[in-house]
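The values are calculated or read from the model by the stated rules, or taken from the named source; none is laboratory data. Just so it is clear, the model here is predicted, and its values are computed rather than measured. Using ideal geometry, Cβ is built from the backbone for each residue, glycine included, and neighbour counts are taken over all protein chains shown. For the accessible areas, the whole protein counts, side chains as well, though only heavy atoms, and no ligand, DNA or RNA atoms are used. Shrake-Rupley method; radii C 1.70, N 1.55, O 1.52, S 1.80 Å.
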Amino acid sequence: MDLDDTTEQAAYRTQVRSWLEEHKSEAPVLSGPGALQDEAEIIAARRAWQGKLAEGGLAGVTWPKEYGGQGLGPIEQVICNQEIARARVPGILDAIGVGMLGPTIIAHGAEEQKSRYLGSMLHGDEVWCQLFSEPAAGSDLAAVQTRARLQDDGSWRLTGQKVWTTNAQFASYGLLLARTDADVPKHKGLTMFILPMDAEGVTVRGLRQISGEAEFNEVFLDDVALEENAVVGGVGNGWGTALTTLMFERVTIGLGGEGMGYNSTRFALAIARDEHARDDAEVRHQLGEISSDLLAVRFTGYRTLTALQKGQIPGPEAGLAKVTIVNGAVRAGDLIADVLGPDALSQDSEWAYMISFLPGLKSAGGTEEILRNTIGERVLGLPPEPRLDKGIPFSELRSKEGAPA
């Protein structure tokens, strides 16, 4: 595999770098001297910065041109991400919308939905959130219980609860998965909807994390009215539509380790500053194992990008990259905490947030157990886990479990 830029890619990298050099003074300062502190100011500044990135062609790089994107490939997206990191400026605020939900609407949405929502999403005018997980349906997404009932006039009524919803506290819209038919097997009775987050009956409550932030939320839906045109991908086709979102989610998380700062060089530099850690054979051994795993993910990511560049769809193995990155970063955080001691968790430490945030990330995009099952069955061809609920209508399944149908 040739990892050098082609002539065209080198020219694109130069173009992106030049734009960032010209405009980086306009980027919001999020850390260090002069950093913004107020959450509302940070969100407003990042919205505006996303708009500038979109105007410069640095947001939605792989989106089709007719929807405001650049119509380029995943390699160019990676180049763009690398140069943004190199310039030490923030990326887009709405990575969930632009990276996962926008492509889902492009693939499955009606033309009216594309024209209405994609432009404002790309420029950060309207931030989106993903309303999939529920208290009883996280990794087993097909078990969602939020109900959407069809009304006589063609509209819908939503009732239920979602949880672990990132950015719901300031999102304008969400892409929501709900059950529209309980009399068919659970994968077949789902439909995807666009939900206005300010609709009557929608309540958002923050979930405080160990880091002190409330990035995630629980969302309550109390008889929320939706218009007929809120359906994305057709009634009863929600599972197939959701798989598109999940594919982009797992690739985004799995290939995003370097962008999130989880790389072996950064960890090695932190440990190398301590002379005793440098001389400790066990510390060096642990760091070597962590670095090897993260480097393996990087090159596996390059293979995934090559497949995408050739028009191939990444398989479930993309989820293993996410598992490896997060586990490697958790181990690195533990090792750094052992070396630095309590200072690793001090308020001004660059590691405190990472150490406290990562345990929650282990569940994002599917728990490790679910991802390993998927890879074992679909990639390695291992016998699937026995499923007693296969082919059973959801209403009967819920009755068997003792819950209301």
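Mind checking which residues of the stretch 125-159 are closer than 21 Å to Leu243 by Cα and not in a loop (DSSP other than H, G, I, E, B)? The answer is Trp128, Cys129, Gln130, Leu131, Glu134, Ala137, Leu141, Ala142, Ala143, Arg147, Ala148.
In the stretch 263-310, the qualifying residues are those that are in a helix (DSSP H, G or I), under 16 Å from Asp338 (Cβ atoms) and basic (Lys, Arg), and the one that is modelled with the lowest pLDDT is Arg278.
Return the pair list, or none, for Cβ contacts closer than 9 Å from residues in the stretch 298-310 that are farther than 14 Å from Lys322 by Cα to residues that are open to solvent by less than 50 Å² (accessible area, probe 1.4 Å) and modelled with pLDDT under 75, at least 6 apart or on different chains. Close Cβ pairs satisfying both conditions: Ala307/Pro314; Ala307/Gly315; Leu308/Val251; Leu308/Pro314. If you go through the stretch 343-382 and keep only what is open to solvent by less than 40 Å² (accessible area, probe 1.4 Å), outside any helix (DSSP H, G or I) and farther than 26 Å from Gly32 by Cβ, you end up with Ala364, Gly365, Gly366, Thr367.
Given the structure, is Arg88 on the phi > 0 side of the Ramachandran plot, open to solvent by 60 Å² or more (accessible area, probe 1.4 Å) and not hydroxyl-bearing (Ser, Thr, Tyr)?
Numbers: on the phi > 0 side of the Ramachandran plot: yes; open to solvent by 60 Å² or more (accessible area, probe 1.4 Å): yes; not hydroxyl-bearing (Ser, Thr, Tyr): yes.
Yes: the conditions hold for Arg88.
If the condition is being of a type in the set (D, E, K, R), over 18 Å from the mean Cα position of the chain (by Cα) and open to solvent by 40 Å² or more (accessible area, probe 1.4 Å), then the stretch 176-221 contributes Asp181, Asp183, Lys188, Asp198, Glu200, Arg205, Arg208.
I need a count of the residues in the stretch 1-52 that are acidic (Asp, Glu) and assigned to a helix (DSSP H, G or I). Spell out how you get there, then give the answer.
In the first step, residues of the stretch 1-52 are kept if they are acidic (Asp, Glu); the result is 2, 4-5, 8, 21-22, 26, 38-39, 41.
Remaining after also requiring assigned to a helix (DSSP H, G or I): 8, 21-22, 26, 39, 41.
Here the count works out to 6.
Look at (1) surrounded by fewer than 24 Cβ atoms within 10 Å (Cβ to Cβ); (2) in contact (Cβ under 8 Å) with a residue 12 or more places away in the chain; (3) of a type in the set (S, T, N, Q) and you find that Gln151 fails only one, number (2). Taken over the stretch 102-124, the criterion of being open to solvent by 10 Å² or more (accessible area, probe 1.4 Å), among the aliphatic types (A, V, I, L, M) and either touching a strand residue (DSSP E or B) at 6+ places or on another chain (Cβ under 8 Å) or assigned to a loop (DSSP other than H, G, I, E, B) (or both) is satisfied by Ala110 alone. Scanning the stretch 167-191 for residues that are within 20 Å of Trp128 (Cα to Cα), part of a loop (DSSP other than H, G, I, E, B) and touching a helix residue (DSSP H, G or I) at 6+ places or on another chain (Cβ under 6 Å) gives a single hit, Phe170.
Number of residues in the stretch 43-54 that are open to solvent by 40 Å² or more (accessible area, probe 1.4 Å) and in contact (Cβ under 8 Å) with a residue 12 or more places away in the chain: the value is 4. Evaluate the following for Leu226: is it within 30 Å of Pro359 (Cα to Cα) and touching a residue at least 60 places away in the same chain (Cβ under 8 Å)? No. Checking each residue in the stretch 96-128 for being touching a residue at least 60 places away in the same chain (Cβ under 8 Å) and touching a Lys or Arg at 6+ places or on another chain (Cβ under 9 Å) picks out Ile105, His123, Gly124, Asp125, Val127.
Among the conditions (1) of a type in the set (A, V, I, L, M); (2) within 21 Å of the chain's Cα centre (by Cα); (3) more than 29 Å from Leu131 (Cα to Cα), the only one that Ala107 does not satisfy is (3). Within the stretch 311-325, none of the residues are modelled with pLDDT of 75 or more, more than 17 Å from the chain's Cα centre (by Cα) and part of a helix (DSSP H, G or I). Filtering the stretch 231-242 to residues that are crowded, with 21+ Cβ neighbours inside 10 Å, aliphatic (A, V, I, L, M) and not in a strand (DSSP E or B) leaves only Ala242.
Any chance the stretch 29-39 includes a residue that's open to solvent by less than 40 Å² (accessible area, probe 1.4 Å) and at pLDDT 95 or above?
No: the stretch 29-39 contains no residue that is open to solvent by less than 40 Å² (accessible area, probe 1.4 Å) and at pLDDT 95 or above.
In the stretch 125-148, the qualifying residues are those that are of a type in the set (D, E, K, R) and more than 24 Å from Phe394 (Cα to Cα), and the one that is least open to solvent (accessible area, probe 1.4 Å) is Glu126.
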